[in-house]
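Undergrad: Pasting a structure below so you can have a look.
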Amino acid sequence: MTYGKIYAHISNSNPDTDRVIAVACEVCGCSIGDFYGRRRRREMVLARALFYWYAHKHYPVTLYKIASVTRQNHATVLHHSNRIRNFLFTKQDPEFTIINQFINKLS
C-alpha cells in the first residue's frame, strides 16, 4: 500500500485528519511541511506525537496505518501516544500546556 492510499484511508475514515494535523502544527509552532519532514526538532516531534496520540485514541485504524502518514513505524506511534498520555496524567511537564491547548482547540 502506498503512502497516498494509506493517508486517504485515514482521511476517509476521519475527515478531520487535516484539521488535527493543522492544529498540532499551530500549537507547536511548526509548519505542516515540517510535520511531514524528517527533522527531529522538539516542536516537530511534539506535533507528530500529538497527532499520533489523537489518531490512536480516536481513529479506527491500525498503528501501522497511522505511522505511515509520517513514514514512521508502529512502535513510534505507540511510544509517542503513551508519552502524551503520561503527560496528561502527571500534568507536571512543561509540554502539558501545549497538550492542553491542542485538546481545547479540537474541542
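Just so it is clear, none of the values below were taken in a lab; they were calculated from the coordinates. None of the values given here were measured: they were computed from a predicted structure. When we count neighbours, we look across all protein chains shown, and the Cβ atoms used for this are built from the backbone with ideal geometry, even at glycine.
Undergrad: Sort out for me the Cα centre separation of the range 15-32 from the range 54-94, rounded to whole Å.
TA: 15
Undergrad: Rg and Dmax of the range 3-106, using alpha carbons, in Å: what are they?
TA: 12.6, 39
Undergrad: Is there a quick way to get the dipole size of the range 3-106? I mean about its Cα centre, with the Cβ of Lys and Arg at +1 and of Asp and Glu at -1; what is the value in debye to the nearest 20? Please report the intermediate quantities before stating the final value.
TA: Numbers: 15 positive and 7 negative charges, 63 e Å.
That gives a dipole near 300 debye.
Undergrad: Here's another thing I want to ask about it. Choose one of Y64, W53, I103: the residue whose Cα lies farthest towards the positive end of the charge dipole of the range 46-107 (beta-carbon charges +1 Lys, Arg; -1 Asp, Glu; about the Cα centre).
TA: Value: Y64.
Undergrad: Output ³J(HN,Hα) for the range 23-36: one whole-Hz value per residue in order, computed from phi by the Karplus curve 6.51 cos²θ - 1.76 cosθ + 1.60 with θ = phi - 60°, and x for Gly and Pro.
TA: 5, 4, 5, 4, 5, 8, x, 10, 8, 5, x, 5, 4, 7
Undergrad: Translational diffusion coefficient, Stokes-Einstein: compute it for the range 48-107 using the Kirkwood radius over C-alpha pairs as Rh, at 10 °C and 1.306 mPa s, and state it as an integer in µm² s⁻¹. Provide the component values of the computation, followed by the final result.
TA: On the way: Rh = 11.7 Å.
Diffusion coefficient, whole number: 136 µm²/s.
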